Amino acid sequence: MDPGFLEHLERIDSIGQALARLPWIGVEELESVVKDILDFDSEFWTFTKYLSLPLYQELDGLLSQAGGDRFFSQRPRLAVVVPVHKSSEHLLRSALRSLKQQVGVTIECLISVDGDVADLELVQRLLGELGEEDEHWKVSVFFSEENRGVGMCRNRALKEITSPWFTFLDDDDLFHPLRCLHGLMLMSLHGVPLVNTSWSRVSMTQKKIVLINSSLISCGLTSFIASADLLASYGYLADLRYYEDSEYMQRLQFFRVPYFSSGAVGHYLHTEPHADYVSLASPWRLEVHAIQDHPYLCGSVIGAASEECIRYDKYFQEQYQQAVSDALLRRFPSS
């Protein structure tokens, strides 16, 4: 057994004791929670052993501050929007399971299927594997008969949110079981409507880390938890895929919406370490290559702005921001 795993077991036991301070978690649920955390970290040990420590330390500190009822009087509810298109069965199964295993929160899982009946059938089958809904796990599935892109796909689900907070999980990514509770407690502690949580790129197939410009983690834009009130106030124009997350964050900054950023990682983004891997950020990657025979690294992404990206960015800065500002002022003249 990896000697570090014994220390990790002690860490999980400490978190279990801290979670017992939450008034809405009973003894029976607490036993299940500790098991779920242990199962998750064991399955993905090749990267959780390096990435989860700041998350445990930060959450332990939060829970130690006069107990969980300082933050919430009852179990918080969070909507998680999951866009689905041409999904891998294995990756989507892991993504949905990671949502159902979220600790100490009620999850409103909003799955939006973008134009593929096979995806819809896969979602229905995987939900059947996860079992029935309960008071802490609610699921809704929406289907678009045509493929309209991930932005419109997300917007379809965003219209249906009933929870006070929301976040996103792509169909090939993972949340650590403590990610949502951690983010919500940070929002409450700092009194802000949005928290950026850090994220790491990992290969789910190899269960190892993919470096980003020699860094294990990144923070902001891609991974956030926000108040649903922001949707009513500022919308979410996610139909612009290329700059989807950046555009939204710039819009919130335009209106001086306060936020807090955490260096703790609870969100893992799937990336395959080979040159032809395609994703949203592909235009910003100059090199993607594998790392062989390393205990916890399997690849590296070297990102920088190509000449094409620089030209696009200049256009974006000079034209698009002004267009967005004008449109927002017309829509929200009192802001």
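Coordinate-derived values only; no laboratory data. Being a predicted model, the structure only gives us computed values, none of them experimental. Virtual Cβ from ideal backbone geometry, glycine too; neighbours counted across all protein chains shown.
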List the residues whose amide H sits under 5 Å from the amide H of Phe224, counting only those 5 or more places along or on another chain, with H placed 1.01 Å from N in the peptide plane. Phe168, Thr197
Pair Lys314, Asp293: separation of 7 Å Cα→Cβ label points (nm): 4.6 nm
Expressed in angstrom and rounded, the centroid-to-centroid distance over alpha carbons for the stretch 53-132 and the stretch 145-194 is 9 Å
Candidates for P(r) over Cα pairs in 10 Å bins from 0, in percent are (i) 6, 23, 23, 15, 15, 12, 5, 1, 0; (ii) 5, 25, 35, 26, 9, 1, 0; (iii) 6, 27, 34, 22, 9, 2, 0, and the calculated one carries label (ii)
Let me have the 222 nm mean residue ellipticity of the chain computed from DSSP H runs of 4+ only, each contributing -39500 (n - 2.57), with the sum over all residues rounded to the nearest 500. -12500 deg cm²/dmol
How big is the dipole moment of the stretch 72-304 about its Cα centre under a simple scheme where the beta carbon of each Lys and Arg is +1, that of each Asp and Glu is -1, and everything else is neutral? Debye, nearest 20, please. 720 debye
Stretchable slack from Lys86 to Gln57, in nm (0.36 nm times residue separation minus alpha-carbon distance): 6.7 nm
With the charge dipole of the chain built from beta-carbon charges (+1 for Lys and Arg, -1 for Asp and Glu) about the Cα centre, the Cα from Val103, Leu122, Ala232 projecting farthest to the positive end belongs to Ala232
Separation in nanometres of the label points that stand 7 Å from Cα toward Cβ, at Leu9 and His136: 2.4 nm
In the chain, taking the dipole from +1 charges on Lys and Arg beta carbons and -1 charges on Asp and Glu beta carbons about the Cα centre, the listed residue (Phe47, Val81, Gln250) farthest towards the positive end is Gln250
Suppose the chain between Glu146 and Glu307 were pulled fully straight at 0.36 nm per residue; how much longer would it get relative to their current alpha carbon spacing? 54.5 nm
Extension gain, His274 back to Arg70 (0.36 nm per residue minus Cα-Cα distance, nm): 68.8 nm
